[in-house]
Amino acid sequence: MAKDFPTREENYSQWYNDLVIKADLAENSAVRGCMVIKPYGYSIWEKMQAALDKKFKDTGHSNAYFPLFIPKSFFSREAAHVKGFAKECAVVTHYRLKNAEDGKGVVVDETAKLEEELIVRPTSETIIWDTYKNWIQSYRDLPILVNQWANVVRWEMRTRLFLRTTEFLWQEGHTAHETKQEAIDETMLILDVYTDFAEKFMALPVLKGVKSESERFAGAVDTYCIEALMQDGKSLQAGTSHFLGQNFAKAFDVKYLNKENKLNYVWASSWGVSTRLMGALIMAHSDDQGLVLPPKLAPIQVAIVPIYKKAEQLEEISVKAKEIKKLLEARGISVKYDDRDTYKPGWKFAEYEFKGVPVRLAIGPRDMENGTIEVARRDTLEKEVLQVADIDRKVEHLLAQIQENLYTKALNFRNDNTYRADTWEEFTDLIENKGGFVYAHWDGTAETENKIKDKTKATIRLIPLEDDKEEGKCILTGKPSKGRVVFAKAY
RNA sequence: CGGGAUGUAGCGCAGCCAGGUUAGCGCGCCACGUUCGGGACGUGGAGGCCGGGAGUUCGAAUCUCCCCAUCCCGACCA
């Protein structure tokens, strides 16, 4: 299936593109910039959804669903918001087609023009705050802790599977609170939820921080984020959580009566992660042999391959294999027993390897005689022959070990690719020749940030939250800096 | 929207410059047989409006013009 596959060294972006397609995760569709997420890829996304959804519910949130379409006028209510999204909105102007006069196909029926155009949501703050206005009258209605799983559309000029597509899937949480502090607490709570998810499920270490003004969400007071380092030394924003202040409450006139019978604007947060996480997952762990998936997100955690010559052998092996499958499933492990006769064992080995299945078991006639089984792990590509007794416990343990190992490997990689720069020369050298995260001083102005971006293509990924604030001088202007920020080239 | 390139079988490509029988090759696909502990082999077979349209010509995948689509670079991008 995937023999001619470039190494990361040879061509990193080709490696990524080929991996996504050849591992059956997604493909380009007939619609420019929009992808088809294939069953194998989608089942990974479903696992992500399930884990995140549980975390949201466990922290008191409920799911709801708001419309795909947003009246155009809603967008202009919040000035910064419309400015940020105006350039990438799909607009619905008509609601009917008709047969073309020349009989060739259909054309837009110009008489069916919408009174007010509809925007296909690039995010849902506006429609949601217009709705919340009706839900909120008193402090007793607060907080509102709602999340929605949805698709959104942002008309991107250039797209890449999972990393940037015109339409993508995500979740967006939208909360309303009595006080500023509650809204900030919510923003930070979700940042921790995302961090925990990235580290525990994706095996992906992330940096937490706040965005500089130029990277801030359109309409937010503060945007917090988690950033992860990919194997090519570029940073990927894996999730954002915004403290919206009272911006949307004021734009949509959402007030509540407090206990003192006084009207106040509510305080808000919004937060989201998207199918972009799939890109992060792929680029964080995979190698030149293909996809590597952390056990907690792998659709198939264990593949069992029988090795046999005759039909009677297969029958005998199948009995044993199915027995093992049951034992593993009893421990909550997802298992695929692949007894297809249409592919040879070697082919199957290569396929499961390429698709990142964490553990592969092989049973052949020799094993049947010796009471053994071959166990291969995807992360290290190591193989060993174990006694089949107690195999379910051994595999369960191995899966946990793989999960741990992937995280450690990714963390070591990040540590090895995190630098400090004190001069402009050091900085440009690191950005150009090494990549990775570079901690450096910055004078705090958008102007300097932009100049650095123009000169090096590196941007401020985040301002660390609770780093020891060390004073210094801006690497570009030499002006005073209150603390180091994290620079990197980014996706 | 600028610069460059490419459209030939499901996928990847050759053929085009120097027009000429039935358009090839690899992978994949189907059937049968032998195989099966790291991507098997043999034999036979199916599959093409050569991106679309117009033109030149006795004759066009090949030459000319127009159109369409895709990819790469740039601009753009919470």
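What to note about this one:
- Rolling a 1.4 Å probe over the protein heavy atoms of chain A, with every protein chain left in place, gives an accessible area that is 49 percent carbon and sulfur.
- Each label point was placed 7 Å from the Cα along the Cα-to-Cβ direction; for residue A:196 and residue A:68 their separation is 3.4 nm.
- Taken along its three principal axes, the alpha carbon spread of the range A:418-488 comes to 27, 24, 18 Å, from the longest extent down to the shortest.
- Residues of the range A:244-265 falling in the label zone of residue A:179, defined by backbone nitrogen less than 18 Å from a point 7 Å along Cα to beta-carbon, are A:244-246, A:256-265.
- Dimensionless Rg over Rh [the range A:334-447; C-alpha; Kirkwood]: 1.26
- Relative contact order of the range A:418-488, taken over Cα pairs closer than 8 Å and 6 or more residues apart, is 38 percent.
- Computed extension gain for residue A:27 through residue A:386, at 0.36 nm per residue and net of the alpha carbon distance, reaches 125.4 nm.
- Surface exposure of the range A:418-488, expressed per residue as accessible area with a 1.4 Å probe, stands at 54 Å².
- The range A:407-491: GluC sites (Glu not before Pro) falling in loop per DSSP and having at most 14 other Cβ within 10 Å: A:466, A:470, A:471
- Exposure rule at most 14 other beta-carbon atoms within 10 Å, DSSP loop trypsin sites (Lys or Arg not before Pro): chain A longest free segment: A:341-456
- Remark: relative contact order (chain A) = 13 percent; criterion is Cα-Cα distance under 8 angstrom and separation of 6 or more residues.
- Difference of contour (0.36 nm per residue) and Cα-Cα distance, residue A:99 to residue A:34: 20.7 nm
- Angstrom value of the Kirkwood radius, inverse mean 1/r, which spans all Cα pairs in the range A:12-285: 20.1 Å
- Listed by chain and number, the aspartates and glutamates whose C-alpha is less than 15 Å from the C-alpha of residue A:54, apart from same-chain residues fewer than 8 away, are A:46, A:172, A:192, A:196.
- In a DSSP loop and with at most 13 other Cβ atoms within 10 Å, the GluC sites (Glu not before Pro) in the range A:286-384 are A:382.
- In this simple spin-label model, placing a label point 7 Å from the Cα along the Cα-to-Cβ direction at both residue A:336 and residue A:262 gives a separation of 6.2 nm.
- All aspartates and glutamates inside 18 Å of residue A:322 as judged from Cα atoms, apart from same-chain residues fewer than 8 positions distant: A:312, A:338, A:339, A:341, A:367, A:369, A:374, A:390, A:392, A:396
- Cleavage-rule hits (chymotrypsin sites (Phe, Trp or Tyr not before Pro)) in the range A:56-163: DSSP loop, at most 16 neighbouring Cβ within 10 angstrom: A:65, A:95, A:155
- Using 0.36 nm per residue and subtracting the Cα-Cα separation, the extra length available between residue A:434 and residue A:415 on full extension is 5.6 nm.
- Mean shadow area of chain A over all directions, Cα convex hull, nm²: 29.8 nm²
- The mean sequence separation of alpha-carbon pairs under 8 Å and at least six residues apart, normalised by the residue count of the range A:1-118, gives a relative contact order of 14 percent.
- Looking at the range A:1-160, the accessible area is 57 square angstrom per residue; that uses a 1.4 Å probe and ignores ligands, DNA and RNA.
- Given in Å, the Rg to one decimal and the Dmax to the nearest whole number for the Cα atoms of the range A:112-206 are 17.1, 52.
- Rounded to whole Å, the principal axis extents of the Cα atoms in the range A:35-185 read 62, 42, 24, largest first.
- Angle between chain A longest axis and helix A:391-416 axis [Cα atoms, degrees, rounded to 10]: 50 degrees
- Given R0 = 60 Å, the distance between the Cβ atoms of residue A:14 and residue A:446 translates into a calculated FRET efficiency of 0.95.
- Remark: for residue pairs A:87/A:296; A:87/A:409; A:87/A:489; A:83/A:208; A:72/A:479; A:47/A:469, the C-alpha separation exceeds 32 Å in A:87/A:296; A:87/A:409; A:72/A:479; A:47/A:469.
The values are calculated or read from the model by the stated rules, or taken from the named source; none is laboratory data. From a predicted model like this one, the values you see are computed outputs, not experimental measurements. Note that each Cβ is placed from the backbone with ideal geometry, even for glycine, and that neighbours are counted across all protein chains shown. Heads up: the accessible areas ignore ligands, DNA and RNA and are worked out on the full protein's heavy atoms, side chains in. Shrake-Rupley method; radii C 1.70, N 1.55, O 1.52, S 1.80 Å.
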